Amino acid sequence: MSRRTKWIVFGGVAAVGVAVVVAGLATLRSDWFREQVRRRIIAEVEKATGGRAELGGFDFDWRALKARTGRFVLHGRERPGEPVFLEIANVEVGLKLVSALRRDVDIDSLIIESPRVHVIVYPDGGTNIPEPPAKQRRSTVAEDLLKLAVRRFQLNGGLAEIRDERIPFSLRGEDLRAAFEYLPDGPRYRGHVASRRLHVDAKPVRPAAFDFDADLMLTARELQIEKASLVDGRCRLAVTGAVRQWDNPRADLQFESTVAIADLGRLVDLPIARTGEASAHGAAWVTWGHGFDFGAEGRFEAKGLAYRDARVNLSVPGARGGFQLRRDSLTLPDLVVNGQGGAFEGRVELAKGFERLRVEGVAKGLALPDLPWNGTASGPVRIDGYRRDLTIQATLNIAPAPGPNPIEGNVDLIYDRASGKLRLGDSSLTTRSTRVRATGTLGETLRISLESSDLNDLTPALERFSPETKIPIRLAGGAAHAEFAVSGGVQTEKEFRPEKISGTLSLGRFEYEGHVIDSLRARIEGISSQLTAQDIEITQKTAVLTGSARVALDNWKTSDGSPLQASLRLKGGDLESLLAEAKQKLPVTGRLTASAEITGTIGGPVAALQITVDGARAWQERIEQLSLQASVANTAIEIRQADLRTAQGRVQLKATYRRPGFEWD
């Protein structure tokens, strides 16, 4: 072939090649080509996923070797009105020509803008994730990514939401950013993922938003979490570990955390005050391939804790122990709580979705909380039940402690919160001069006995529950003894209101408003609307006062308007002694017998009196008999009949004395 022929042939081939290239470039830039590629992408995605795809457009810049898609949507098996499974604003792919002869092209960069992923797990266990029509062994996402060998991967402004309607649980990451770099040794990807608003909503945690940051390494077999952190206020969680088994994913993690109880209280309901701080470390696992599940085990330590309610104020300087957390339970197998001058050691379990509480342990030298006596409690404690129907059982030995009001004894109790009933075994408490014993059930029948040689021992209790109430009597060498039964009743938020109280009271020698009384005995019975005292017997030297009394109550309380009724008899009264008790030094003697019928109200009593004095002498004059019938009220004294007999004669009279504002002294 001549040189000229060769040039013609080569020139023709070159011209054809140029024409083909020009035609190819024109084709690449044509709307027809872009539409064909868009349709092919949709078909391949639907074939691979089993979902329905939408693609807004496709464009290819042959000069920069960059492809760009428009809005991409992949519908899964979501219900009408629910968000689609996957939505992406646009995707940009940068290509790199490695070898034109071998048609070898690498993906240099992959940038995904504003992806939105919504995964829903329905109550029956199904999901909205699309499923390929033909079941076959498919490579994992990690394997596919590694085959692509994308040199630089970037995700901007993403959002991922996982909602499990069975738990219920939802995870939503906003402002999600990710950047990955391909490393051929391995091969593997090294990347960084962050979200400034990672929302978690899962019982029993309230909805919360965390700052999330993670350094990751992706291989064909696992996702290594080199370090990751979640931060919300003063609550911080640091995690390392790996996610393995792509067909049935499982995460095995190691963690360290610190929390401020005040910030933690915004996330979960806590049975303690929002004060103090805690830290924990350990291992955790999470699975979600065949249903979501998780667990964690480790050790924790806390300090500066407290418990407060209307009746109790407890400070807990420290607590420590191990923990075992599961999806619906928490166990503290070796809890040690320091506080109140002692410690509690035992086992705590929260089960049934953290609703059921079990506590078994031993109290050691705990100071009695918010009580006016000085003592410590030691012994076994057991708590069982749900939050609103807890049962508390304790057998405690009370030892005296330094202070002004030492106390000792034993308490055997079972408290049923649902019914408000407190059951006491044979329990007793002893102060310096007083001993109280109790047995029975508060709300059914509780029997209480009291023995005391100094009623001032009870003052701390009165000041604690009723600061203005004072004990009006003082034992003067005698002793007090009481036996009472408390029957029925209801427990309100602030106090226990019994249905009935009945028993006996006896006092030895005591003082009342400066008067010395030798003894007092009475049988007492009370209900919320009435208090009755029967078989009253009061002695002072030779005088004996007997009778009964009744006063109306309004929910166990009296007022000046409370109706009053009493019937009293006095025998053997020495007139001279009685006048001396009244601080009247008169030359009068005799034996006094009297009766009184009292009606009216506490603020306005009315007394009908009958008085007889026998063998009387007054100012050296002998009086054979003096009898008197009178009526006494707040504003008047009426002598209905007075009869005075002496050796010289007899005097009878009637009189009325009225005075506004008169008071009995």
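The values are calculated or read from the model by the stated rules, or taken from the named source; none is laboratory data. Predicted model only: the values in this text are computed from it and were never measured. Methodologically, a virtual Cβ is constructed for each residue, glycine included, from the backbone with ideal geometry; neighbour enumeration extends over all protein chains shown. The protein model used for the area step is the full one, side chains on, heavy atoms only, and it has no ligands, DNA or RNA in it. Shrake-Rupley method; radii C 1.70, N 1.55, O 1.52, S 1.80 Å.
Observations on the model:
- Packing order of peptides 256-264, 579-587, highest average first: 256-264, 579-587 (average count of other Cβ atoms within 10 Å over each peptide's residues).
- Flagged links, alpha-carbon separation over 30 Å, of Lys500/Lys541; Lys364/Lys421; Lys303/Lys470; Lys352/Lys421; Lys364/Lys500: Lys500/Lys541; Lys303/Lys470; Lys364/Lys500
- Packing-based ranking, highest mean first, of 551-557, 233-239 given that Cβ atoms within 10 Å are counted: 233-239, 551-557
- Spatial separation of Cα centroids for the range 213-249 and the range 376-402, in angstrom: 43
- Karplus-based coupling profile of the range 332-345, in residue order and whole Hz: 10, x, 9, 5, 10, 10, 9, x, 6, x, x, 7, 10, 10, with θ = phi - 60° in 6.51 cos²θ - 1.76 cosθ + 1.60 and x standing for Gly or Pro.
- The range 563-604 and the range 476-538 have Cα centres spaced 23 Å apart.
- Accessible heavy-atom area order of Tyr415, Tyr182, highest first, probe of 1.4 Å: Tyr415, Tyr182
- In order along the range 418-432, the phi-based Karplus estimate (6.51 cos²θ - 1.76 cosθ + 1.60, θ = phi - 60°) of 3J(HN,Hα) comes to 4, 8, x, 8, 10, 9, 10, x, 5, 10, 8, 9, 10, 9, 4 Hz; Gly and Pro are listed as x.
- Sorted on the mean count of surrounding Cβ atoms within 10 Å across their residues, most packed first, peptides 588-598, 80-90 read 588-598, 80-90.
- Cut-off under 5 Å, modelled amide H: who pairs with Gly70 long-range: Gly56, Gly57, Phe58
- Note on Ile473: accessible area is roughly 40 Å² with a 1.4 Å probe, heavy atoms of protein only.
- The range 38-93-the range 431-455 distance, computed between alpha-carbon centres (Å): 81
- Other-chain or far-sequence residues with amide H under 5 Å of Asp454's (modelled H): none
- Near the amide H of Gly241, within less than 5 Å, lie the amide hydrogens of Ile225, Gln254, all on another chain or at least 5 residues away, with H placed in the peptide plane.
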